[in-house]
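The values are calculated or read from the model by the stated rules, or taken from the named source; none is laboratory data. On a predicted model such as this, the values are computed, not experimentally measured, just so you know. FYI the Cβ positions are ideal-geometry reconstructions off the backbone, even for glycines, and counts take in every protein chain you see. Accessible surface areas use protein heavy atoms only, side chains included; no ligands, DNA or RNA. Shrake-Rupley method; radii C 1.70, N 1.55, O 1.52, S 1.80 Å.
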Amino acid sequence: MTELAALIEETRATRPHDPTQYVSAWTEREVLDDEIVDAFVLILRTKGCYWARKSGCSMCGYVSDGYVSVSKADLLTQWDAALEAYRGQPVVKLYNSGNFFDPSEIPALARRRILADLGERCEKVVVENLPQLVRTPLLEEALDLCPRFEVAIGLETADDYLRDHTISKDFTFARYKEAVRVAHAAGATIKTYLLFKPPFLSEGAAMRDATASVRAIDGLSDTISINPTNVQRDTLVDRLYRRGEFRPPWLWSLVEVLKAVRGAESRVLSKPTGGGQPRGTHNCGHCDAVVLQAVEDYSLQREDWLDEPTCACKGDWGAYVRVEELAHTSVDLDRFLT
Ligand code: SF4
Ligand SMILES: [Zn+2]
């Protein structure tokens, strides 16, 4: 185990949960065939991502959502409750804080029942998986039941060194590209998550990494979602944040990246979690809501007004980026210099 993986593992905490209750469900807006539609987002509780149980990733708090033992019956009880909450949204994003195709998280019989139910009810299904679990027979089974099937992969960065040394994920860019090839050959689409500002990166380095990563997978991934790091409890990022050694990215930085990759072949979007909060991507507090709205409108392909929002804090952001670069540091300057 690497030193980073050992640190991540040491920071973990698990909490007991009711295995018959799903984690959460909500409705959000999504684009389907150039139309804005409702998407039902469901997070099922499973024993969780196998990688999270080993050591996990530096920013991922999913291990806390998992329950040590979730039987097939427990899972189907969750699923029945979820179906009662479902209101016919055309898109269903079905997450399980891990890997949909991992039979130790979702047993094969439960997986087939869930996909069959969804195939009868919605137009498009999105699930999450690590690339090593994207395999042709599983994709074919899913596509047979749900003809519009998308696999979301948390690539986080196209840079293997950064993925290894700041995030601690257990696959390479080449492995990701192979998963994309396999998924497309089977007829599925791909959504790729990029982690905007992994720990230990300055604001400027994070912008360069996200921009380069979008360019590296442009045209390869059908959709690219840029996820600004948010500080989840009991993670390495949380530990750094509490010591003043991590600041979630500025919203201005996110806007810069979105502007830099405008015109990409892939659909590029961002749906920040915890935006405007101290633990999520934020600016000064006064302009956060307006900038977040601009990002949402841009992501829903409704408006392209990324250039419009402005605020006095934009100058502070520019200075922050420059001073970080000059000082060769990624600590939160506001915590140390003000
Ligand atoms: S980020 Fe993904 S791969 Fe990493 S521990 Fe969390 S669920 Fe597993
Ligand atoms: Zn501001």
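From 204, 263, grab the single residue that is open to solvent by 10 Å² or more (accessible area, probe 1.4 Å) and either in a loop (DSSP other than H, G, I, E, B) or not aliphatic (A, V, I, L, M) (or both).
263
Confirm whether residue 272 is surrounded by 14 or more Cβ atoms within 10 Å (Cβ to Cβ) and part of a loop (DSSP other than H, G, I, E, B).
yes
Can you spot a residue in the range 122-143 that is under 25 Å from residue 34 (Cβ atoms), open to solvent by less than 10 Å² (accessible area, probe 1.4 Å) and of a type outside the set (A, V, I, L, M)?
No, the conditions are met nowhere in the range 122-143.
What number of residues in the range 245-260 are basic (Lys, Arg) and surrounded by 16 or more Cβ atoms within 10 Å (Cβ to Cβ)?
1
Starting from the range 48-63, take each residue that is open to solvent by 20 Å² or more (accessible area, probe 1.4 Å) and list its partners that are away from ligand 2 (no atom under 16 Å from the Cβ) and aromatic (Phe, Trp, Tyr), counting only C-beta distances under 9 angstrom and pairs at least six apart or across chains.
Matching pairs, first to second residue: 49/62; 60/51.
Mind checking which pairs have a first residue in the range 1-12 that is in contact (Cβ under 8 Å) with a residue 24 or more places away in the chain and a second that is open to solvent by 80 Å² or more (accessible area, probe 1.4 Å) and in a loop (DSSP other than H, G, I, E, B), Cβ under 9 Å, 6 or more apart or different chains?
Matching pairs, first to second residue: 9/1.
Do we have any residue at all in the range 25-37 that's loosely packed, with under 14 Cβ neighbours inside 10 Å and among the aromatic types (Phe, Trp, Tyr)?
There is at least one residue in the range 25-37 that is loosely packed, with under 14 Cβ neighbours inside 10 Å and among the aromatic types (Phe, Trp, Tyr).
Of the numbered conditions (1) without any contact (Cβ under 8 Å) to a residue 24 or more places away in the chain; (2) out of contact with any helix residue (DSSP H, G or I) (no Cβ under 7 Å at 6 or more places or on another chain), residue 329 fails exactly one; give the number of that condition.
(1)
How many residues are among the aromatic types (Phe, Trp, Tyr) and part of a strand (DSSP E or B) if we restrict to the range 12-43?
The total comes to 2.
Please work out which residue is most open to solvent (accessible area, probe 1.4 Å), limiting yourself to the range 279-333 and to residues that are within 16 Å of ligand 2 (Cβ to nearest atom) and among the aromatic types (Phe, Trp, Tyr).
So the residue we want is 317.
Tally up the residues in the range 254-289 that are more than 25 Å from residue 97 (Cβ to Cβ) and touching a Pro at 6+ places or on another chain (Cβ under 8 Å), please.
Final tally of qualifying residues: 2.
Write out, first by first residue and then by second, each pair whose Cβ atoms fall under 6 Å of each other, whose residues are 6+ apart or on separate chains, and whose first residue, in the range 90-105, is free of Cβ contacts under 8 Å to residues at least 40 places away in the same chain and within 10 Å of ligand 1 (Cβ to nearest atom) while the second is polar (S, T, N, Q) and open to solvent by 10 Å² or more (accessible area, probe 1.4 Å).
Pairs that qualify, where the first residue is free of Cβ contacts under 8 Å to residues at least 40 places away in the same chain and within 10 Å of ligand 1 (Cβ to nearest atom) and the partner is polar (S, T, N, Q) and open to solvent by 10 Å² or more (accessible area, probe 1.4 Å): there are none.
Residue under question is residue 293, and the condition is that it be assigned to a loop (DSSP other than H, G, I, E, B) and either out of contact with any helix residue (DSSP H, G or I) (no Cβ under 9 Å at 6 or more places or on another chain) or free of Cβ contacts under 8 Å to residues at least 12 places away in the same chain (or both); does it hold?
Considered against the rule, which asks whether it is assigned to a loop (DSSP other than H, G, I, E, B) and either out of contact with any helix residue (DSSP H, G or I) (no Cβ under 9 Å at 6 or more places or on another chain) or free of Cβ contacts under 8 Å to residues at least 12 places away in the same chain (or both), residue 293 comes out as no.
Between a first residue in the range 306-323 that is farther than 18 Å from residue 289 by Cα and a second residue that is away from ligand 1 (no atom under 16 Å from the Cβ) and open to solvent by less than 40 Å² (accessible area, probe 1.4 Å), which pairs have beta carbons less than 7 Å apart while being 6 or more apart in sequence or on different chains?
320/203; 320/333; 321/203; 321/204; 323/333
Return yes when residue 233 is touching a residue at least 40 places away in the same chain (Cβ under 8 Å) and open to solvent by 30 Å² or more (accessible area, probe 1.4 Å) and no when it is not.
yes
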